[in-house]
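Below: the structure, in structure tokens.
Every number here is computed from the coordinates shown, using simple stated rules; none is lab data. This one's a predicted model, so the numbers in the text were calculated from it and none came from an experiment. Note that each Cβ is placed from the backbone with ideal geometry, even for glycine, and that neighbours are counted across all protein chains shown.
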Amino acid sequence: MDESALQECLLDLKDLVDSRLESCIEQAIPSHGQVAELAGDVLLAGGKRLRPLLVILAYELVGGCEMEEILPLALAFEMIHTATLVHDDINDNAKTRRGIPTLHERISQEKALIAGDWLFVQGFSLGGIYEERVVTIMADCCALIASAEFKQIDHVMDLATSPDDYLAIVKGKTAGPFSAGCEGAALIAGASPEQREALLRFGMEMGISFQLVDDLLDIRGDERMGKPRGSDVYEGKMTLPLIHALTILHGPKRQRLTEIILGFNDSMFEELIELLIWADSISYTEILIKTHIERARSALDIFADSKAKGALRAISDLVVERFA
């Protein structure tokens, strides 16, 4: 299948997911009222829908052929993901998400917290139709998100944060849901243990690369982020470019980077970029992105060529193109 056909396939799947998410909210509003309406505002505000697309395509890759069998899991992971965004925005005191005011800014922190809880419940309601092994994967994934969030909070403004600390956080918060979605899809489709392991690795590597790209875009600034440039630096999050630069730089340069991180403001952007370039931290992060993408693609080598495999590779290309 040529590139244009693959892109059309991805757009069609995204439209299907968007339509079904909208139907879920419409059906919930009469019974659940404002909480469903407000949660729906966040859920339907946009987004790439990478998680549900990966779930659907992983299912198809190993022979799944009934869209209605896999859609509930795909929608469940998107609802759970959106719930974490609502809660993260509260923790970070973020003002915007996807270019619009965050939910707690529009209403109140208390109601935003409940709306996030509601999305979690709806996600598990959708995922609860599957066999116990699939539900356990979802539950373990959410538990790891929570533990990684605790770890990230502990490392705010922590200049001693190591690459291993960073990777543990990313595997729990970002890459874990990618991996769990692919693994759950494999189980539902009746995949072999080898196929299941390959898709688990594919999702993990994709998720790590996705977060690394987000780290770069936060520093560079990109309207696709849907939030102001440097949000992570303002919030004290230790992203990989910062961790790498703190490891490489010494003397006055490291001292200055420390001062910038601990007292960051808009006037320091260019100086921060200069220090990151000096330490080759941006180039280092770009190399890591490509490495993890290649590992993700290699995980698919055991599968025969198919539309689903081509679409998964196309998604990996999109991740790389985000920072190119």
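Among Tyr59, Tyr130, Tyr166, Tyr284, sorting on how many other beta-carbon atoms sit within 10 Å of each Cβ, with the fewest leading, yields Tyr284, Tyr130, Tyr166, Tyr59. Amide H contacts under 5 Å for Thr96: Thr102, restricted to partners 5 or more places along the chain or on a different chain, H placed in the peptide plane at 1.01 Å from N.
Show that you can apply the helix-only estimate: for the chain, add -39,500 (n - 2.57) for every DSSP H stretch of four or more residues, divide by all residues, and state [θ] at 222 nm to the nearest 500. Don't skip to the end; give the middle numbers.
On the way: 16 runs with 242 residues, N = 324.
Helix contribution divided over all residues of the chain: -24500 deg cm²/dmol.
The C-alpha atoms of the chain define a longest principal axis, and helix 132-154 lies at about 10 degrees to it. In whole angstrom, how far apart do the alpha carbon centroids of region 148-168 and region 84-101 sit? Cα centroid of region 148-168 versus Cα centroid of region 84-101: 20 Å apart. Note on Lys111: aspartates and glutamates with a C-alpha under 20 Å away, same-chain residues under 8 apart excluded, are Glu26, Glu37, Asp41, Asp88, Asp89, Asp92. For the chain, the dipole from Cβ point charges (+1 on Lys and Arg, -1 on Asp and Glu) about the Cα centre works out to 360 debye, to the nearest 20.
Going through (1) -0.53, -1.05; (2) -0.47, -1.13; (3) -0.64, -1.10, the figure that equals log10 I(q)/I(0) by the Debye sum over Cα atoms at q = 0.09, 0.14 Å⁻¹ as computed for the structure here is (2). Look at the alpha carbon pairs under 8 Å that are at least 6 residues apart: their mean separation over the length of the chain gives a relative contact order of 20 percent.
For the listed peptides 237-248, 19-30, 88-99, a ranking on the average number of other beta carbons within 10 Å per residue, highest first, reads 237-248, 88-99, 19-30. Relative to the dominant Cα principal axis of the chain, helix 109-127 is inclined by about 40°. The angle between the Cα long axis of helix 193-220 and the longest principal axis of the Cα atoms of the chain comes to about 40 degrees, rounded to the nearest 10.
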